[in-house]
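Taken together, the values in this text are just the output of simple stated rules run on the coordinates, not laboratory data. In this text, all values refer to a predicted model and were calculated from it rather than measured experimentally. No Cβ is skipped: glycine too gets one built from the backbone with ideal geometry, and neighbour counts run over all protein chains shown.
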Amino acid sequence: MFMGTHSLVNPLLPVFGSGYNTTKNPEGVQMIQFPAIFKLSGQDELLLSETQSNFMQHYQLQQSYLLPDDLLIDSTGQAYSLKPCPLETVATKAVKEFSLQELTALVQTHFFASAQTCVTKIQAPDIKTLFSLLKHSS
């Protein structure tokens, strides 16, 4: 069970940021930006992870059920495979980049599945605002 934190001290471990800027660590590996969402294949519900620590808690609970198509989508729209754990992978690499329109459709489907609101009203000018909608709905 991995419970440690990552730092720039060990160049073999990836670095993770919080906020909404896409940045790279000194080795040129793109950093996962939190908050981020779990997008599990075959599921409409999304699970928001606001921090790296929060992600690891969710990951450990879901780990034995994860499929190869399950994704972690960060606040820049970059998607990472959840198998293996993207926080424990030396060279974390995005497998897809989601557009604002694609992420809006995922969030609309999430809200429709939970019958929380009229999905046509769900629109956002950027990913940060879209993730904020998920935060305030939970």
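Some observations on this one:
- Scanning the range 90-106 turns up one or more residues that are of a type in the set (Val, Ile, Thr) and under 20 Å from residue 50 (Cα atoms).
- Residues of the range 30-67 that are in contact with a Ser or Thr (Cβ under 6 Å, 6 or more places away or on another chain) and not in a strand (DSSP E or B): 31, 35, 44, 55, 58, 67.
- Number of positions in the range 82-132 that are part of a helix (DSSP H, G or I) and surrounded by 13 or more Cβ atoms within 10 Å (Cβ to Cβ): 19
- Total residues in the range 68-81 satisfying the condition of being in a loop (DSSP other than H, G, I, E, B) and crowded, with 16+ Cβ neighbours inside 10 Å: the figure is 4.
- Cβ-Cβ distances below 7 Å connect the following pairs, each with a first residue in the range 34-45 that is of a type in the set (Asp, Glu), a second residue that is surrounded by fewer than 20 Cβ atoms within 10 Å (Cβ to Cβ) and assigned to a loop (DSSP other than H, G, I, E, B), and a separation of six or more residues or different chains: 45/114.
- Scanning the range 70-123 for residues being of a type in the set (A, V, I, L, M) and on the phi > 0 side of the Ramachandran plot gives a total of 1.
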